[in-house]
Amino acid sequence: MAKEIAAEPVAELTVPQRVWRWFRSMRTALVLVLILAVVSIIGTLLPQYGLNEEGIKGFSQSYPALSTLFHYIGFFSVYSTWWFYVLIAMLFTSLIACIIPRTESFISKVKSNPKTPASERFISNLQNKAGFAVALSESTALDKVRQTLKSKRYKIHTFDDRPNEVYAEKGRYGDLGSLIFHYMFILMLIGIIFGKTRGFDNYATVIEGQYFTENPFGYDQIKKGPFFNDQTDHTNFKFKLDDFQVTYQPTGQPKDFVSKVTVFEDGKVVHKQNVEVNEKLVWDGVKIYQSSYGWAPRLTLFKDKKKVYDQPSVFSGSAQSANGQIQSPSGDFAAEVVFVPDLQEQNGQLSAGSYFLNNPAVYVTAYSYAKGEKKIFEGAIKLKGTKDLGQGYKLSFPEVKEWSGFQVVKDPGVPAIYTAFGLGVIGLYITFYFSRRRIWAITVPGEQGKTKVLIGGIAEKNKGAFEYEFSNLAEQVKMNLSKK
Amino acid sequence: MLNEQTSSTLFVGATIIYFLAVLGYFFYLAYKNESIAVIATGASILGLLLHTGSIGVRWAVSGHTPISDMYEYSSMFAYFVVLCYLVVQTSTKNKTIGGFALGVAFLLMGLAKQFYKDPTPLVPALQSYWLEIHVITMVISSGTLGVAFLFALLYYLKDRQIKRLGEERGLLAKLPAINALDNLSYRTTAFGFPLWTIGIVAGAIWAEQAWGRYWGWDPKETWSFITWLIYAGYLHARITAGWRGRSAAILSAIGFAAVVFTFYAVNLWISGLHSYAA
């Protein structure tokens, strides 16, 4: 992104200097951006871990050899491979190498008006120029030039010691926009690194009526940054899932799912809220998002009339049919359980119906491990029902609850990233609407008592567009000069 | 009685009238017949009114802004192309590219028809005001980048003709000057790119609100980023390295291909978090 650097004898450069020079080149930046684009494309065409693990399984079955190679290279986790990080690091090195000289030149440029008088030769060397001979006095002609420039919103500078010269410019701070935009990326990177290393992205399931506590024991899955300390950095606040509700569209897709929660601090209620997909709960810098839900049937197991197990547990599957297990504390009893909210019975055949609680039942396959594994029972138990399973076991199904799955996130980098977003948009606005354009105009005595008006201009960015703009400007100057 | 049938009928009516406007604009371009241009402009406005009705009725029927599936998105895309074009025509008084702009809108309407489905209620993930902010920004920006591509394409055709024949001939000669096309293409991109950036930023903020992360390398996110990189490359090539003309036009075409890929191919071929839009 830097301009070409004046040729220096290459032999005198040390290796670090050469590397730095390479990073300063615009070409390097463009090549790195191109590689980043290609690598990103690979990541969208191949299934990725964390996004589409089924796809990876399918791919591995279809192309075993290729998938081994891809696993080795990291093509199934493109965005977290070491070489992806190296690429990002190189891009940022290039970015920094480019913006340092640009910042320096911006500072020196912004302070100065042209010191040397503009000569005929100077103007003829500019990229855009025009000249007219008019029957006006030098000062009247220059006034008309000023008028036109002013109407085009140029800022005009006149020099006391140079009465036959006008200097005008527009968008002096245009380069600032580009600088802000590029510095923004550094802020964004800091935000990303800070957030990812000092935060976490965990997952917790909570059954209706139960509590969630924000500490390592409250979670089902933990994904935390290396600088997040599980011992000391948790907030330990607590919330209770009072109720969970899901409503459906007539088409069967969920319309809304809502967790009603109450937040407690030191045993006192401090906050009540409905957590929905687009309505997160934020507490102590920790954000709680509604993520998933399911059935949680409560089952009670008796052994020789003594209650040995009695709690609701998280079942997974679909809204029409969900699976789970129960196990006695002693380990000599276990059961595979299928829960259906709307059991259909037809000619002795059992099947799952709708997702409404019309005829809730559990279908239990129970095993005893007292003397080796032995299936002791298979059959359905309806809500509020109890069945004898044999060998002194009795199972009842007193109630069904729902569970709610929460994504619990701490990302202290977000404020920096949002700031970067804001700066980026401001920077772009300045970049595209404040391009620095400079115009010089001088008058010199011409032939036959006429006055020669010479006008020239340059733009620092988008020279093509300026060429067009300048020819329009010259046309207007000409028209204005010929007006009486 | 307002129902989805009304919306579909209005949609078809708008499509036919856009097609008539395309014919009118090209006739104008060929014969410079001002009264035909007035008729074509009138047709565009009438088409836009019917289109407004179609979108409005669907909005009323479904109860949400109709930008939640591929049909609604494509229809909205075409709507903004026509609207942007009419604004450009009014401000520049130049009607020569009308046939191309309305032609693009007509094609988008045809594409929308392929994706047609009855309106559905919004899934919970989409129930947010960010839907409007994010999608409308993306639609306007892709419409703008599409117009930029159109200018680049016309530039390319003109440039090729000049290189082959040594002069401008036929319909192409009646278009704006070759350098003006190049400059217009840049200017439109310089408007579309910041919008695309804002669209991505709005998407990131929404993702942070709804999914708990501002970026997740979801295929749609990644492709919007790839598109962004291409246009960033275009602007650097143009602003810093001074690329103009043909090479810039080719980059603009690649960029717009990426825009189209981001919107259509990702939904059709790659599964991801944005697939409810299919």
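Within the range B:1-105, the trypsin sites (Lys or Arg not before Pro) that combine a DSSP coil assignment with at most 13 other C-beta atoms in a 10 angstrom radius are B:Lys32, B:Lys93. For the range A:130-178, taking Cα atoms only, Rg and Dmax work out to 13.2, 44 Å respectively. In this label model, A:Thr14 and A:Thr386 are separated by 8.6 nm, measuring between points 7 Å along each Cα→Cβ vector.
What's the exposure ranking of B:Thr144, A:Thr103, going from fewest to most Cβ atoms within 10 Å?
Working: B:Thr144 23, A:Thr103 15.
Lowest to highest Cβ neighbour count: A:Thr103, B:Thr144.
Sorted ascending by nearby beta carbons within 10 Å, beginning with the fewest, B:Asp182, A:Asp304, A:Asp160 become A:Asp160, A:Asp304, B:Asp182.
So if we plug the beta-carbon distance of B:Ala173 and A:Phe217 into 1/(1 + (r/R0)^6) with R0 = 51 Å, what FRET efficiency do we get, rounded to 0.05? About 0.10, to the nearest 0.05.
What translational diffusion coefficient, in µm²/s and rounded to a whole number, does the Stokes-Einstein relation yield for the range B:1-59 at 20 °C and a viscosity of 1.002 mPa s, taking the hydrodynamic radius as the Kirkwood radius over Cα pairs?
On the way: Rh = 11.8 Å.
Reported coefficient: 181 µm²/s.
Shown for chain A are the DSSP H helices of 30 Å or more along their axis, judged by Cα atoms, with a mean Kyte-Doolittle hydropathy of at least 0.5: A:82-110, A:174-198. Directionally averaged projected area (the range A:197-314, Cα convex hull): 10.2 nm².
Its Cα gyration tensor gives the range B:145-258 an equivalent ellipsoid. The semi-axes, each the square root of 5 times an eigenvalue, are 35, 12, 11 Å from largest down.
Computed from the Cα positions only, the extents of the range A:418-463 along the three principal axes stand at 65, 14, 9 Å, in decreasing order. Sorted into 5 angstrom bins from 0, the C-alpha pair distances of the range A:314-424 split as 2, 10, 17, 18, 13, 10, 6, 4, 4, 4, 5, 4, 2, 1, 0 percent.
Could you work out the percent of alpha carbon pairs in chain B separated by over 25 Å, rounded to a whole number? Considering chain B, 49 percent of its Cα-Cα pairs are separated by more than 25 Å. Residues of the range B:86-128 with an amide N closer than 13 Å to a point placed 7 Å from the Cα of B:Arg187 along the Cα-to-Cβ direction: B:88-94.
Distance between the modelled labels on A:Trp82 and B:Asn94, one decimal in nanometres: 5.5 nm (7 Å Cα→Cβ projection). Counting only Cα atoms, chain A measures 124, 57, 50 Å along its principal axes, largest extent leading. Size estimate for the range B:1-153 follows the Kirkwood approach: the inverse of mean 1/r over distinct Cα pairs works out to 15.8 Å.
Along its first, second and third principal axes, ordered by size, the range B:63-159 spans 50, 26, 21 Å in Cα coordinates.
Residue exposure proxy: A:Phe23, A:Phe406, A:Phe92, ordered by other Cβ atoms within 10 angstrom of their Cβ from fewest to most, comes out as A:Phe92, A:Phe23, A:Phe406. Taken along the Cα-to-beta-carbon direction at a fixed 7 Å, the label points for A:Asn358 and A:Lys371 span 4.5 nm. The base-10 log of I(q)/I(0) for the range A:403-481, evaluated at q = 0.12, 0.14, 0.17, 0.20 Å⁻¹, reads -0.61, -0.70, -0.85, -0.97 [Debye formula, identical scatterers on Cα atoms, solvent excluded].
Within the range A:31-139, all pairs of alpha-carbon atoms sorted by distance into 5 Å bins from zero give the percentages 2, 9, 12, 11, 9, 7, 6, 6, 6, 6, 6, 5, 5, 4, 3, 1, 1, 0. This model, with +1 at the C-beta of Lys and Arg and -1 at the C-beta of Asp and Glu, gives the range A:17-137 a dipole about its Cα centre of some 820 debye.
Students often forget the sequence filter, so: which lysines lie under 23 Å Cα-Cα from A:Lys109 once same-chain residues fewer than 8 apart are removed? List returned: A:Lys3, A:Lys129, A:Lys150, A:Lys152, A:Lys155, A:Lys170, A:Lys461, A:Lys463. Counting only DSSP H runs of at least 4 residues, each contributing -39500 (n - 2.57), and dividing by the residue count of chain A, the helix-based mean residue ellipticity at 222 nm comes to -11000 deg cm²/dmol. The range B:186-216 to the range A:201-271: how many Å between their Cα centroids? The range B:186-216 and the range A:201-271 have Cα centres separated by 29 Å.
Shape summary of the range B:209-264, radius of gyration then Dmax from alpha carbon positions: 13.9, 44 Å. Rg over Rh for the range A:24-94 works out to 1.08, using Cα positions for both radii and the Kirkwood form for Rh. When the charge dipole of the range A:316-403 is built from unit charges on Cβ atoms (+1 for Lys and Arg, -1 for Asp and Glu) and taken about the Cα centre, the candidate among A:Phe397, A:Ser318, A:Gln346 whose Cα reaches farthest toward its positive end is A:Phe397.
Just so you know, all these numbers are worked out from the coordinates, no wet-lab data involved. What you see is a predicted model; the values in this text were computed from it and never measured. Heads up, the Cβs are rebuilt from the backbone with ideal geometry, glycines too, and the neighbour counts pull from every protein chain shown.
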